[in-house]
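**Q** Encoded as structure tokens, here's the structure I'll be asking about.
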Amino acid sequence: MKITLNRIEKGENEVIVNYIEMDREVEEIVRVASGQEERIPCVNGDAKFLLQVRSILYAESVDRATFLYTKDGVYRSSCSLQALEMMYADKGFFRCSKSMIINIYRISELRSESGGRINAVMENGEHVIISRSYAKAFRRELRGEE
């Protein structure tokens, strides 16, 4: 994708998107540029937050509670893993084990492990293991297959 930035002295900021086909990537650019990016309500201690979906590295279910991990912290959400997986699969959310979902766009490194597992190193340095029962589907996802 070609990106052109022009600085102007006066006037209003403007985003112009030229596209051949309205695909997911273009739709996401329009959503972000128009301020309509999806957010997930969550809490950290007594504070309430609306996390941008793209800031989430992974989500984990522990004792029937769902925790969302970002570079900066851990937040508790009322969303279930199943709901997150269904709602945000097109945003890169992928089920990597029975109790965890990762954001494939926030992986910095992948390593093969014994037993057919995959070690995904996230942008915050955390290691997330993709279990062997999900590894085949993960490889297909990375190749863009359905």
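The values are calculated or read from the model by the stated rules, or taken from the named source; none is laboratory data. Bear in mind the structure is a predicted one, so any value in this text is a computation, not a measurement. Cβ placement follows ideal geometry from the backbone for every residue including glycine, while neighbour counts extend to all protein chains displayed. Accessible surface is based on the protein model in full, side chains and every heavy atom, while ligands, DNA and RNA are left aside. Shrake-Rupley method; radii C 1.70, N 1.55, O 1.52, S 1.80 Å.
**Q** Note the full-extension length gain between residue 78 and residue 29 as 0.36 nm times their separation in residues minus their Cα-Cα distance, in nm to one decimal.
**A** 14.9 nm
**Q** Taking a probe of 1.4 Å, how large is the accessible area per residue of the chain, in Å²?
**A** Ligands and nucleic acids excluded, the result is 72 Å² per residue.
**Q** With each run of n ≥ 4 DSSP H residues scored as -39500 (n - 2.57), what mean residue ellipticity at 222 nm is computed for the chain after dividing by its residue count and rounding to the nearest 500 deg cm²/dmol?
**A** One gets -6000 deg cm²/dmol as the mean residue ellipticity at 222 nm.
**Q** Still on this structure: Where in the range 48-62 does the label zone of residue 99 land, with the point 7 angstrom along Cα→C-beta and an amide N cut-off under 18 Å?
**A** Flagged as within label range: 58-62.
**Q** To make sure I understand the rule: partners must be lysines, Cα under 24 Å from the Cα of residue 91, and not fewer than 8 residues away in the same chain. Which ones qualify?
**A** Leaving aside lysines fewer than 8 places away in the same chain, those within reach of residue 91 are 2, 48, 71, 136.
**Q** Tally Lys/Arg at +1 and Asp/Glu at -1 over every other residue whose Cβ is under 15 Å from the Cβ of residue 26; what's the total?
**A** Summing Lys and Arg as +1 and Asp and Glu as -1 gives -3.
**Q** Would you mind telling me the share, in percent, of accessible area of the chain contributed by carbon and sulfur at probe 1.4 angstrom?
**A** C and S fraction of accessible area: 46 percent.
**Q** Summing +1 for each Lys or Arg and -1 for each Asp or Glu, what net charge is found among the other residues whose Cβ lies under 14 Å from the Cβ of residue 131?
**A** Neighbour charge sum, excluding residue 131 itself: +4.
**Q** Full extension from residue 22 to residue 65: what is 0.36 nm times the residue separation minus their Cα-Cα distance, to one decimal in nm?
**A** 11.8 nm
**Q** Residue separation times 0.36 nm, minus the C-alpha to C-alpha distance between residue 87 and residue 15: what's the value?
**A** Once the chain is fully extended between residue 87 and residue 15, it gains 23.2 nm.
**Q** Per-residue counts of other Cβ atoms within 10 Å, averaged by peptide: what ranking do you get for 95-102, 22-29, 123-130, highest first?
**A** My ranking of the peptides, most packed first, is 95-102, 123-130, 22-29.
**Q** Looking at the square roots a ≥ b ≥ c of the eigenvalues of the Cα gyration tensor of the chain, which shape do they give, rounded for a/c under 1.5, prolate if a/b is larger than b/c, or oblate?
**A** Since a/c reaches 1.5 but b/c is at least a/b, the shape of the chain is classed as oblate.
**Q** Moving to a separate point now. Using the crude model of +1 on Lys and Arg Cβ and -1 on Asp and Glu Cβ, and no other charge, please compute the dipole size for the range 49-121 relative to its Cα centre, in debye to 20.
**A** 20
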